[in-house]
Amino acid sequence: MDEIALKTDISAAVSQDEVRKVLDGALRHEADLAGARHAHFERICQAFEQHYRMSSDEFMEVFESGALGDDAEYFDWYAAKRGLDLWERRFHILSRVRV
């Protein structure tokens, strides 16, 4: 496990334990938000996958090769897949950080 040092400029009247609790709560909150955003984009991608009968990963390969054309729905799916990947990564990071 890697460790990251944290410097604070907080009054001595605030204990390190209190700072840890506040940061831990903030990280959990952000992880919850990232999980909700991931679930949102996952639902969108699943709808496209059912409609087009292709996984989002397959779609990305074909779309990025230029074989699908310029249909607006393809750009919506592309954006949803990018959002899914982004929020999955952020959730993975945030849910594994300990203070």
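Can you pull out every residue in the range 1-48 that is loosely packed, with under 11 Cβ neighbours inside 10 Å, of a type outside the set (Asp, Glu) and part of a loop (DSSP other than H, G, I, E, B)?
MET1, ILE4, ALA5, LEU6, LYS7, THR8, SER11, ALA12, ALA13, SER15
Kindly list, by first and then second residue, each pair from a residue in the range 30-57 that is touching a residue at least 40 places away in the same chain (Cβ under 8 Å) to a residue that is surrounded by 13 or more Cβ atoms within 10 Å (Cβ to Cβ) and among the hydroxyl-bearing types (Ser, Thr, Tyr), limited to pairs with Cβ atoms under 8 Å and residues at least 6 apart or on different chains.
As it stands, the answer is ALA31/SER95; ALA34/SER95; GLY35/SER95, since those pairs meet every condition given.
Specify which of the listed residues (ARG82, ARG90) is closer than 19 Å to ARG37 by Cβ, basic (Lys, Arg) and in contact (Cβ under 8 Å) with a residue 24 or more places away in the chain. Before the answer, list the steps.
On the way: ARG82 fails: in contact (Cβ under 8 Å) with a residue 24 or more places away in the chain.
Only one candidate passes the filter, namely ARG90.
Have a look at SER65, SER56 and point out the one that is within 18 Å of the chain's Cα centre (by Cα) and hydroxyl-bearing (Ser, Thr, Tyr). Step through it out loud before you land on a result.
Values: SER65 fails: within 18 Å of the chain's Cα centre (by Cα).
The conditions single out SER56.
For the subset of the range 58-75 comprising residues that are free of Cβ contacts under 8 Å to residues at least 12 places away in the same chain and acidic (Asp, Glu), which member is surrounded by the fewest Cβ atoms within 10 Å (Cβ to Cβ)?
Going through the qualifying residues, I end up with ASP70.
Name the one entry in MET54, MET60 that is aliphatic (A, V, I, L, M), touching a Phe, Trp or Tyr at 6+ places or on another chain (Cβ under 8 Å), at pLDDT 95 or above and over 21 Å from LEU94 (Cβ atoms).
MET60
Name the residue that is modelled with the lowest pLDDT, counting only residues in the range 63-99 that are under 30 Å from LEU6 (Cα atoms) and small (Gly, Ala, Ser). First the steps, then the outcome.
Here is the first cut: in the range 63-99, the ones under 30 Å from LEU6 (Cα atoms) are 83-99.
Now restrict to residues that are small (Gly, Ala, Ser): 83, 95.
Details: GLY83: 98, SER95: 93.
Ranking the candidates gives SER95 first.
I'd like the residue in the range 10-51 that is of a type in the set (S, T, N, Q) and at pLDDT 95 or above and, out of all such residues, is farthest from the chain's Cα centre (by Cα). It would help to see each step written out before you state the result.
Here is the first cut: in the range 10-51, the ones of a type in the set (S, T, N, Q) are 11, 15-16, 46, 50.
In the following step, the residues that additionally are at pLDDT 95 or above were identified as 46, 50.
On the way: GLN46: 16, GLN50: 22 Å.
Per the stated criteria, the residue is GLN50.
Could you check, for the range 56-66, whether at least one of its residues is among the hydrophobic types (A, V, I, L, M, F, W, C) and within 30 Å of ARG98 (Cα to Cα)?
Keep residues of the range 56-66 that are among the hydrophobic types (A, V, I, L, M, F, W, C), which gives 59-60, 62-63.
Filter again for within 30 Å of ARG98 (Cα to Cα), leaving none.
Scanning the range 56-66, I find no residue that is among the hydrophobic types (A, V, I, L, M, F, W, C) and within 30 Å of ARG98 (Cα to Cα), so the answer is no.
The values are calculated or read from the model by the stated rules, or taken from the named source; none is laboratory data. Just so it is clear, the model here is predicted, and its values are computed rather than measured. As a convention, Cβ positions derive from the backbone with ideal geometry for all residues, glycine included, and neighbour counts pool all protein chains shown.
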